[in-house]
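The values are calculated or read from the model by the stated rules, or taken from the named source; none is laboratory data. Everything quoted here is computed from the prediction, not taken from an experiment. In this analysis, Cβ positions are derived from the backbone assuming ideal geometry, glycine residues included, and neighbour counts consider all displayed protein chains.
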Amino acid sequence: MKFIPIFIACFLITSCSSSKRVSEKTEIQVTEEQATEQNTSVTENSELIDVLETKDTITSKPNTKQEVFTPLAWTELLQKHVSNEGNVNYNGFNTDRKALLSYIGSLGENMPSDTWTEEDKLAYWINTYNALTIDLILRHYPVESIKDIKNPWDQRYWQLGDKWYNLNEIEHDILRKMKEPRIHFAIVCASYSCPKLQNEAFTASKLEEQLTNATKSFINDPEKNDLTPSKIGLSKIFAWFDKDFLINGTGSIIEYINRYSNIKISPKTPKKFKDYDWSLNN
């Protein structure tokens, strides 16, 4: 019997030791699970940070593509109301005034930008000048001459973009500064002695051909210029804008005219300038 207390004591010690080992094992398992969860959390957070950092470094490129303006509406109006000879039916334009104003409004919504080519810009401003000239006449119609309108080229009737324009600004501050003398045979001031108004819009893809044809047509028109090998009577356009034609190595007005005229003129031929007929080109 004296061994019974000793046995009980050993049993209790063993039980306590086992419980301690179970407790330690449980604590170790809990600690390992916490560590795993923490590692998982750290990994997930790291991935989230990577995603956020990646998003921060993604920059969307702005859409810089410029849709160049195509003046289909202007061509439709010209073909309806301008003859092949350049005679303008102002009554017809007046009937279609709403369509004309809509086209002018679209000009203001499609202003040239730095992405446009020089050809696109030239075509745009030539068409703009001609459309605004038609509108100027209609605002005062009926008139017998553009000169019946007070200061016709200074009237600031049209807002394009955020600016109000007049015809003088478009011709002298924009078109002439583009150093293309053939514009003088493409823009039309609604007068008989002006170049004929083309019955199609100018476009970048056809601009070279259109400007060349307009220049040849005007220079060789006997109602605009009297050309003979020994005597010439020129449109006053060549007097008003003589410096515009003397570029790119051109030495004289006669030299410029000879590039496009059917009759070759002697450089020594004396020249005179014809009276300008400001009556309406209808």
Review point. Hey, any hits in the stretch 202-216 for a residue that's within 23 Å of residue 107 (Cβ to Cβ), in a loop (DSSP other than H, G, I, E, B), of a type outside the set (Val, Ile, Thr) and at pLDDT 95 or above?
Key: yes
Going through the stretch 225-237 in order, the residues found to be touching a Lys or Arg at 6+ places or on another chain (Cβ under 8 Å) and outside any strand (DSSP E or B) are 225, 229, 235, 236
Open item on the list: Given the condition within 25 Å of residue 83 (Cβ to Cβ), surrounded by 14 or more Cβ atoms within 10 Å (Cβ to Cβ) and out of contact with any strand residue (DSSP E or B) (no Cβ under 7 Å at 6 or more places or on another chain), answer yes or no: does some residue in the stretch 156-166 qualify?
Closed with: no
Picking from 277, 221, the residue that is touching a strand residue (DSSP E or B) at 6+ places or on another chain (Cβ under 7 Å) and at pLDDT 95 or above would be 277
- request: Inspect all residues belonging to the stretch 92-99 and state whether any of them is modelled with pLDDT of 95 or more, in a loop (DSSP other than H, G, I, E, B) and touching a helix residue (DSSP H, G or I) at 6+ places or on another chain (Cβ under 7 Å).
  value: yes
Looking across the stretch 217-245 at residues that are within 14 Å of residue 271 (Cβ to Cβ) and acidic (Asp, Glu), the single one that is farthest from the chain's Cα centre (by Cα) is 226
Counted residues in the stretch 200-224 being touching a Phe, Trp or Tyr at 6+ places or on another chain (Cβ under 7 Å) and either within 15 Å of residue 262 (Cβ to Cβ) or surrounded by fewer than 18 Cβ atoms within 10 Å (Cβ to Cβ) (or both) come to 5
- Message: I'd like to check something: does the stretch 119-136 contain any residue that is part of a loop (DSSP other than H, G, I, E, B) and either in contact with a Phe, Trp or Tyr (Cβ under 6 Å, 6 or more places away or on another chain) or in contact (Cβ under 8 Å) with a residue 40 or more places away in the chain (or both)?
- Response: no
Within the stretch 132-175, residues being within 16 Å of residue 281 (Cα to Cα) and of a type in the set (Ser, Thr, Tyr) number 3
Exactly one of 227, 197 is out of contact with any His (no Cβ under 9 Å at 6 or more places or on another chain), surrounded by 16 or more Cβ atoms within 10 Å (Cβ to Cβ), under 24 Å from residue 128 (Cβ atoms) and among the hydrophobic types (A, V, I, L, M, F, W, C), and that residue is 197
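Here is a yes/no grid of residues against (1) in contact (Cβ under 8 Å) with a residue 40 or more places away in the chain; (2) of a type in the set (D, E, K, R):
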| site | (1), (2) |
| --- | --- |
| 152 | no, no |
| 161 | yes, no |
| 168 | no, no |
| 172 | no, no |
| 189 | yes, no |
| 200 | yes, yes |
| 209 | no, yes |
Could you say whether any residue in the stretch 248-258 is in contact with a strand residue (DSSP E or B) (Cβ under 7 Å, 6 or more places away or on another chain) and in a loop (DSSP other than H, G, I, E, B)?
no
Would you be able to say whether some residue in the stretch 173-185 is part of a loop (DSSP other than H, G, I, E, B) and surrounded by fewer than 15 Cβ atoms within 10 Å (Cβ to Cβ)?
yes
